[in-house]
């Protein structure tokens, strides 16, 4: 009788993202339309199904592409050559099949969150989430998100076996908008730390920070290891009047943080102090959707490959520059080739 | 008692297109994938649902955009400033809602084809049609189309009141793949001629011509007024060995014909003989999907505005150049502005 094959642990993944799976529905639009449907330019608003339908009706011809903040990030990691996974909850419908196809086709291991037996989802929570993305002339995006079944994520449904395969867990701040997800994320975070992994958090959106400042401050002061935020978000988190004051506040936490500033590049905060990294050049900004997500992709991939924070931020900036040069938040160019061209072969 | 309001006829439309409403599912791909799934490069193949799923599974991350040959054309007419309508059959599902939203948002009057009372659609004919578009490196597109409910179009379901509002009826040759549509198209064609309108036909695809050569020859020799074809299609229609011989055959029909030749531009056949029109310049060909459809849009819009065939062909070439410079078969740039820049203010 042949001996039992040796038990092999599943291959570790570089980055596991957790977030709301969304299909983006994008259309170029005008300030007039934003005003008419009552959306604040540049923001992300959570909307119910009726409001989503109302906004959709006001949009011009659309393009549909898989999106979702953390999902975009792990797709970017995979495009750079990393091993990535994604955990999120989709519905049994057309948009769910589109999302599942696209993330697997991008080379990301997808771990769907299971339904909790006997769960009573609220009536609104049907269907895969979608994000209406209204892109105005200068490439700025305004988003209205209907989360659908993503709101029914529970600690019990989480595929923890996949989560702990990741050397780095990446959480989107948007998850704190889903009450049961908060407990699920705490469980995931503890499990990853128990497995000697690291945890990164993005603050996602300044309105999101306003809604969950207390939770995010708790995480920043013990819970996460890496922090992503843009200028507005980090100022909001620490309720400081200026970016410089926010940077000082970040320094006091001792976290590794990457703070993005659009065309002004990024500031990386390390134990040795803050370092400014210029943005990568872009011919024409078409659509800023996903800029932060892809910055995080490059930064995290750099870290997992042993690059320093500054070089990782350069790689993040390069990925962000690619994503804003076209419509949609998933990479279209070969990110590995771009990184190699720029001498960033981490 | 106030008098009855005067009866007003509905405002005439410039072009009404009839065709299969499709949502395009596009992905960049490689020759290897085409070979693996058994698709002939550059062709359009009709596939059943199982084969569509098989091909979809082999595709990379996709982008979804409304498409459909005649639908693309009328969207182009509307983008140029024309009044356009579209007639086709969608299902009561996500893709149907996407198609209906997008065509209305493009400013086209959509007349859905009704179900025939008591019709027994075949089991395959469920759901809105979709077209898998595999784009290879040089921008060439290979298509696998699952027509879904578009195959259940019937003469009785046709909104003839909308059809006869058009000064010009535009039919896609693909419709002849749907047996009940053949009779429906004959009815639409007669109704439009009774209302002093004109009828244009595109041959759609060389394999389509092979399948329906007899029908198409009948239409060309009495039935349609304007003919669109590319080089392969017109050679196939007349079973000639060369393009020049095919042009001579077209001349004998007395039709107005626009024959497209890709980068070589087009040849317009008029009662005064054939005229060559150069292609409009394109920086980089990204995706040729919709090139013929948008050529037809410019040509037809020119005709309805009283432009001569040669100027109309120039406008067609300009629209085709826009569509092949990006992914997808619906215009992204302002076609009216492009036409004005090129001095083609018809």
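Just so it is clear, none of the values below were taken in a lab; they were calculated from the coordinates. In this text the structure is predicted, and so the values were computed from the model without any measurement. Cβ placement follows ideal geometry from the backbone for every residue including glycine, while neighbour counts extend to all protein chains displayed.
Distances from residue A:32 to itself in the other copies, using label points 7 Å out along the Cα-Cβ axis, amount to 5.0 nm in increasing order.
Treat the count of other C-beta atoms within 10 Å as a stand-in for reagent exposure and order B:225, B:190, B:115 from fewest to most. Could the numbers behind the result be given before it?
Working: B:225 18, B:190 12, B:115 15.
In increasing order of surrounding Cβ atoms, one gets B:190, B:115, B:225.
When Rg and the Kirkwood Rh are both derived from Cα coordinates, the Rg/Rh ratio for region A:120-228 amounts to 1.00. Here region B:210-261 was treated as a single set of alpha-carbon atoms; its pair distances binned every 5 Å from 0 give 4, 23, 35, 29, 8, 0 percent. Peptides A:301-314, A:258-271 ordered by packing proxy, namely the average of other Cβ atoms within 10 Å per residue, highest first: A:301-314, A:258-271.
If you take the beta carbon distance between residue A:182 and residue A:283 as r and set R0 to 30 Å, what does 1/(1 + (r/R0)^6) give as a FRET efficiency, to the nearest 0.05?
Details: r = 41 Å, r/R0 = 1.38.
So the FRET efficiency works out to roughly 0.15.
Taking the empirical scaling 2.2 N^0.38 Å for compact globular proteins as reference, region A:262-310 has a Cα radius of gyration ratio of 1.25.
Between Rg and the Kirkwood Rh of region B:164-212, both from Cα atoms, what is the Rg to Rh ratio? Mind showing how you got there, number by number?
Details: Rg = 11.3 Å, Rh = 11.2 Å.
Value, to two decimals: 1.01.
If each Cα of region B:67-161 is one equal point scatterer, what is log10 of I(q)/I(0) from the Debye formula at q = 0.12, 0.17, 0.18 Å⁻¹? Here log10 of I(q) over I(0) equals -0.43, -0.82, -0.90.
Across the residues of A:101-107, average count of Cβ atoms on other protein chains within 10 Å? Intermediate values should be presented prior to the final figure.
Numbers: counts 8, 7, 1, 2, 8, 2, 2.
Per residue, the average neighbour count from other chains is 4.
Mind ordering B:178-188, A:148-158, B:62-72 by average Cβ neighbours within 10 Å, highest first?
Numbers: B:178-188: 18.5, A:148-158: 21.8, B:62-72: 27.3.
Packing order, densest peptide first, comes out as B:62-72, A:148-158, B:178-188.
Put simply, region B:138-200 fits an ellipsoid with semi-axes of 25, 16, 9 Å; these come from the alpha carbon gyration tensor as the roots of five times its eigenvalues, largest first.
As an equivalent ellipsoid, chain B spans semi-axes of 27, 26, 21 angstrom, where each value is the square root of five times an eigenvalue of the C-alpha gyration tensor, largest first.
Over region B:1-106, consider all pairs of different Cα atoms and compute the Kirkwood hydrodynamic radius from their mean reciprocal separation; express it in Å, one decimal. Intermediate values should be presented prior to the final figure.
On the way: mean 1/r = 0.0604 Å⁻¹.
It is 16.5 Å.
Averaged over residues, the count of other Cβ atoms within 10 Å places the peptides B:78-88, A:131-141 in the sequence B:78-88, A:131-141, highest first.
For region B:226-307, the spread of Cα coordinates along the three principal axes comes to 36, 32, 17 Å, biggest extent given first.
Summary of the geometry: region A:278-340 and region A:243-273, compared by the centres of their Cα atoms, lie 18 Å apart.
Per residue, the convex hull around the alpha carbon atoms of the protein assembly as shown comes to 217 Å³.
Can you give the Kirkwood hydrodynamic radius for region A:268-339, in Å, rounded to one decimal and based on Cα pairs?
On the way: mean 1/r = 0.0815 Å⁻¹.
Taking every pair of different Cα atoms in region A:268-339, averaging 1/r and inverting gives 12.3 Å.
Under the simplified labelling scheme, the residue A:248-residue B:218 pair shows an inter-label distance of 8.6 nm, with each label point 7 Å from Cα along Cα→Cβ. If you look at the Cα atoms of region A:178-249, you get an Rg and a Dmax of 12.7, 39 Å.
Report Rg/Rh for region A:51-98, rounded to two decimals, where Rg is the Cα radius of gyration and Rh the Kirkwood radius. Don't skip to the end; give the middle numbers.
Values: Rg = 14.1 Å, Rh = 13.1 Å.
When Rh is taken as the Kirkwood radius, the ratio is 1.08.
Show that you can apply the helix-only estimate: for the protein assembly as shown, add -39,500 (n - 2.57) for every DSSP H stretch of four or more residues, divide by all residues, and state [θ] at 222 nm to the nearest 500.
Details: 24 runs with 260 residues, N = 692.
-11500 deg cm²/dmol, from helical runs alone.
Remark: spin-label model distance residue B:210-residue B:345 equals 4.8 nm, labels positioned 7 Å along the Cα→Cβ axis. Per the Debye calculation on region B:159-278 with a single equal scatterer at every Cα and no solvent contribution, log₁₀ I(q)/I(0) for q = 0.14, 0.17, 0.20, 0.22 Å⁻¹ amounts to -0.57, -0.82, -1.09, -1.26. Counting neighbouring beta carbons within 10 Å and listing from fewest to most, the residues B:324, B:235, A:16 come out as B:235, B:324, A:16. Shielding value for B:326-332 is 3, the average number of Cβ atoms from other chains within 10 Å of each residue's Cβ. Using equal-weight Cα scatterers in the Debye expression, the normalised intensity of region B:188-346 in log10 at q = 0.17, 0.18, 0.20 Å⁻¹ is -1.00, -1.11, -1.32.
Averaged over peptide B:91-100, the number of partner chain Cβ atoms lying within 10 Å of each residue's Cβ comes to 2.
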